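Since the structure comes first, as structure tokens, the remarks are kept for the end.
The values are calculated or read from the model by the stated rules, or taken from the named source; none is laboratory data. Keep in mind the model is a prediction, meaning the values are calculated, not measured. Neighbour counts run over all protein chains shown; Cβ positions are idealised from the backbone, glycine included. These area figures cover heavy atoms from the full protein model, side chains too; ligands, DNA and RNA do not enter into them. Shrake-Rupley method; radii C 1.70, N 1.55, O 1.52, S 1.80 Å.
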Amino acid sequence: MVRRIAIDRRALAAFRAALGLCLLADITLRWSDIVAFYTDSGALPRSTLAELYPVLGDVSPLAFSGAVWLPLVALGLTALAGLALVVGYHPRLSAGVAFVLLVSIQLRNPVVLNAGDTLFRRLLFWSLLLPLGCAWEDGAPASASTRVATAGTAGILLQVLAVYVTNGLMKLRGTYWHQGTAVQYAFQLDHLTVRLGDVVAGWDPVLVLGNWLWLTLLVGSPLLLIWTGRYRTGLVAAFVTAHICMALSFLLGVFPLVSILGLVLFLPTPFWDALADRWPDAIEALRPRWPDSTTGPQIWFPTTTASLAALGIVAIVVLNAIAVGFVAAPTGTPDRIEDRSWYMFAPDPPQETWWYAAPAPLESGNRVDALTGEPVTLSRPPEVSDRFPNQRWKKFLGTARHEPSLRQSLATYLCSRWNQGHDDAMERVELIVLTESTNLNGSESVDQERLGSYQCA
């Protein structure tokens, strides 16, 4: 058991540096939408946040002000914490600051979060219970001192594993995964597919093979913890390859990067030994330059840390058992808790491609699409994914289909954004969702759903 929950210290160092790089990537992706998603002049003002999530409106530090300076400061400090993690500057303190800031940012706009955001903040939490700043010993890498086995290492490995096990169990309850066509349906979701996804969408034999390979990996994911040595390395490589393919094929935000980040911890000592033999300078560069401590205990407050890790392990087991229906949720549990399960394309992929049109008349009598600023068209675009600036906008617009208050704040933001930069003022905005049902063997038609018409303030 100790061999299986132990993490090589070089893996911990690589995880720490990769954690910082993921933070920088996350902040970079959020930066262009600071006004839209984190201020009162954006698409989710604090009044709408309080209406949809009453508790978050009170506890989110970024909800203290609706001005742009507060999220600017928060994102800037998070980026600095990410840089500190990359270079190994007081990693425990840097990880703690990053965790508080990232959670604050996520609480300010939970509408735009996906499974990658959920996993990211959980990995940051677990990083606080790991000896990220400890230096590995010189000498024979095969010695026991090169590995760390604690309740914290067990917890973070179980956290990563829970994503695959839960998702695999949910997929086994579906229909299309058993038929071998689920990946074909996924690649027909043109609002999600980009780059490589658009190229291979018609390669049916490849997609059928991908269906069975991915389902096999998910079902066999417990072997990540059971296997050791070269077998574990091979399985990690297979999962990493799958996530790289996802990143090249779908609009998923930071999810593939964060998934790869978690898999780094599973790489065993023989992998790092081989890497050190071939690229010793690269391994040496992973050493933290300002470790938390170079001598003494591996982690601070070992009793408290172990207790928190034990509670975290219990939470992982209970929440994921509830998610897959093995145990009933306690009375009073909210019906919609997005971060307690991992329903990516499970039990089956969605069966429709969708996009928005936002016809808006101007004072001159002309009409534009308030989302894109281009002439209005209700026909299917050549690339549906181009209708979304990024993954977070896609998530926001997808949620707005079912939340009327989000539509009103979205329309108000679109009006304000246009009127600030144009003399020909926008008078009102109509929101329309267009859907195309997936049909693998025939023609597909486009349906329209008018969500409402909203006057500009």
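This table checks each residue for (1) under 30 Å from M1 (Cα atoms); (2) in contact with a Ser or Thr (Cβ under 9 Å, 6 or more places away or on another chain); (3) not in a strand (DSSP E or B).
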residue	(1), (2), (3)
H178	no, no, yes
D190	no, yes, yes
D198	no, yes, yes
G202	no, no, yes
V208	no, yes, yes
L215	yes, no, yes
L218	yes, no, yes
Query raised in the report: Identify, please: which residue in the range 448-457 is open to solvent by 80 Å² or more (accessible area, probe 1.4 Å) and part of a strand (DSSP E or B) and is, among those, farthest from P350 (Cα to Cα)?
Result: Q455
Report summary line: The helices (runs of 4 or more DSSP H) lying wholly within the range 10-111 that contain at least 1 residues that are touching a Pro at 6+ places or on another chain (Cβ under 7 Å) and open to solvent by less than 10 Å² (accessible area, probe 1.4 Å) are 34-38, 69-87, 91-108
Report summary line: For R417, the lone unmet condition from (1) under 31 Å from the mean Cα position of the chain (by Cα); (2) farther than 18 Å from L192 by Cβ; (3) not in a helix (DSSP H, G or I); (4) not polar (S, T, N, Q) is (3)
Requested in this report: Kindly indicate whether D423 is outside any loop (DSSP other than H, G, I, E, B), free of Cβ contacts under 8 Å to residues at least 60 places away in the same chain and more than 26 Å from Y38 (Cβ to Cβ).
Outcome: no
Query raised in the report: Looking at R4, is it over 25 Å from N390 (Cβ atoms) and open to solvent by 10 Å² or more (accessible area, probe 1.4 Å)?
Result: yes
Report task. Could you check, for the range 239-249, whether at least one of its residues is open to solvent by 60 Å² or more (accessible area, probe 1.4 Å), within 24 Å of L19 (Cα to Cα), out of contact with any helix residue (DSSP H, G or I) (no Cβ under 8 Å at 6 or more places or on another chain) and in a helix (DSSP H, G or I)? Result -> yes
Query raised in the report: Quick one: is L378 closer than 19 Å to S32 by Cβ, of a type in the set (A, V, I, L, M, F, W, C) and either within 25 Å of the chain's Cα centre (by Cα) or surrounded by fewer than 12 Cβ atoms within 10 Å (Cβ to Cβ) (or both)?
Result: no
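Residues checked against (1) more than 26 Å from L252 (Cα to Cα); (2) modelled with pLDDT of 95 or more:
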{"position": "L378", "(1), (2)": "no, no"}
{"position": "V429", "(1), (2)": "yes, yes"}
{"position": "N439", "(1), (2)": "no, no"}
{"position": "S443", "(1), (2)": "yes, no"}
Query raised in the report: Could you list, in sequence order, the residues of the range 170-187 that are more than 21 Å from E436 (Cβ to Cβ), among the aliphatic types (A, V, I, L, M) and either at pLDDT 95 or above or open to solvent by less than 20 Å² (accessible area, probe 1.4 Å) (or both)?
Result: M170
Query raised in the report: Among (1) closer than 30 Å to L19 by Cβ; (2) at pLDDT below 95; (3) open to solvent by 30 Å² or more (accessible area, probe 1.4 Å), where does V219 come up short?
Result: (2)
Query raised in the report: In the range 188-199, what residues are among the hydrophobic types (A, V, I, L, M, F, W, C), in contact with a helix residue (DSSP H, G or I) (Cβ under 6 Å, 6 or more places away or on another chain) and open to solvent by less than 60 Å² (accessible area, probe 1.4 Å)?
Result: V194
Report task. Please enumerate the residues belonging to the range 426-447 that are out of contact with any Pro (no Cβ under 9 Å at 6 or more places or on another chain), surrounded by 13 or more Cβ atoms within 10 Å (Cβ to Cβ) and either more than 20 Å from G398 (Cα to Cα) or of a type in the set (K, R) (or both). Result -> E444
Query - Residues located in the range 181-197, provided they are within 22 Å of the chain's Cα centre (by Cα) and not hydrophobic (A, V, I, L, M, F, W, C) - result: Y185, Q188, D190, H191, T193, R195, G197
Report summary line: Selection from the range 112-127 of residues in a helix (DSSP H, G or I), open to solvent by 10 Å² or more (accessible area, probe 1.4 Å) and closer than 20 Å to A79 by Cβ yields R121, F125
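Table: residues versus (1) farther than 30 Å from Y454 by Cβ; (2) not hydroxyl-bearing (S, T, Y).
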{"residue": "A13", "(1), (2)": "yes, yes"}
{"residue": "A25", "(1), (2)": "yes, yes"}
{"residue": "R30", "(1), (2)": "no, yes"}
{"residue": "D40", "(1), (2)": "no, yes"}
{"residue": "A43", "(1), (2)": "no, yes"}
{"residue": "S47", "(1), (2)": "no, no"}
{"residue": "L52", "(1), (2)": "no, yes"}
{"residue": "A67", "(1), (2)": "no, yes"}
{"residue": "L77", "(1), (2)": "yes, yes"}
